[in-house]
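S.K.: Structure below; questions to follow.
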Amino acid sequence: MYKTSRMKNIIDAEIAWRVFLEERTVAAETRSTIESRYIRLNPEFNIVPELDDVDFLEELSRSTSRGIFEETIEDLALHLIATTFYFKKLICSADEAGEYNCHGKQTHLIGR
């Protein structure tokens with residue numbers, strides 16, 4: 001019962017991730033373009049410990065470190081930093097050709 005329930009949760013998490021990506025895919029965009037915008041940390045483990053196996057936590061920590069590449073951590077850090085910046089639009093106008101001209105300032109959420 002417990003193992004079946006845990007496997008179902010793992011499968012449900014994978015399905016939820018796929019649905020999340022599909023909901024964000026627009027006709028003009030490819031799935032790979034959408035996937036590059038999001039990072040999912042999902043290291044694979046050879047052994048999944050019991051929930052109350054405190055002795056296994058150190059091995060779990062080492063396995064997690066081995067399962068996540070440094071490149072992924074760097075990508076995650078860059079994405080997090082990028083999300084702190086935004087463009088504050090001050091004025092925006094459209095010309096006869098339908099092109100927009102916007103002026104504003106780049107600002108960030110940290111230390112506001």
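S.K.: Restricting attention to region 83-102, report how many residues are assigned to a strand (DSSP E or B) and either loosely packed, with under 10 Cβ neighbours inside 10 Å or touching a Pro at 6+ places or on another chain (Cβ under 9 Å) (or both).
M.R.: 6
S.K.: Give region 46-64 a look and list any residue that's loosely packed, with under 12 Cβ neighbours inside 10 Å and assigned to a helix (DSSP H, G or I), or say none.
M.R.: Val54, Asp55, Leu57, Glu58, Ser61, Arg62 - these are the residues of region 46-64 that are loosely packed, with under 12 Cβ neighbours inside 10 Å and assigned to a helix (DSSP H, G or I).
S.K.: Which ones in region 6-45 are polar (S, T, N, Q) and assigned to a loop (DSSP other than H, G, I, E, B)?
M.R.: Thr25, Thr30, Ser36, Asn42, listed by residue number.
S.K.: List every residue pair whose Cβ atoms sit under 8 Å apart, with the two residues 6 or more apart in sequence or on different chains, where the first one lies in region 72-98 and is in contact (Cβ under 8 Å) with a residue 40 or more places away in the chain and the second, anywhere, is surrounded by 11 or more Cβ atoms within 10 Å (Cβ to Cβ).
M.R.: Once the first residue is in contact (Cβ under 8 Å) with a residue 40 or more places away in the chain and sits in region 72-98, its partners that are surrounded by 11 or more Cβ atoms within 10 Å (Cβ to Cβ) give His79/Ile39.
S.K.: Scan Leu80, Leu76 and give me the residue that is within 16 Å of the chain's Cα centre (by Cα), modelled with pLDDT of 85 or more and surrounded by 11 or more Cβ atoms within 10 Å (Cβ to Cβ). Spell out the reasoning first.
M.R.: Values: Leu80 fails: surrounded by 11 or more Cβ atoms within 10 Å (Cβ to Cβ).
Result of the check over Leu80, Leu76: Leu76.
The values are calculated or read from the model by the stated rules, or taken from the named source; none is laboratory data. Please read all numbers here as calculations on a predicted model, not as lab measurements. For neighbour counting, all protein chains shown are included, and Cβ atoms are generated from backbone atoms with ideal geometry for every residue, glycine included.
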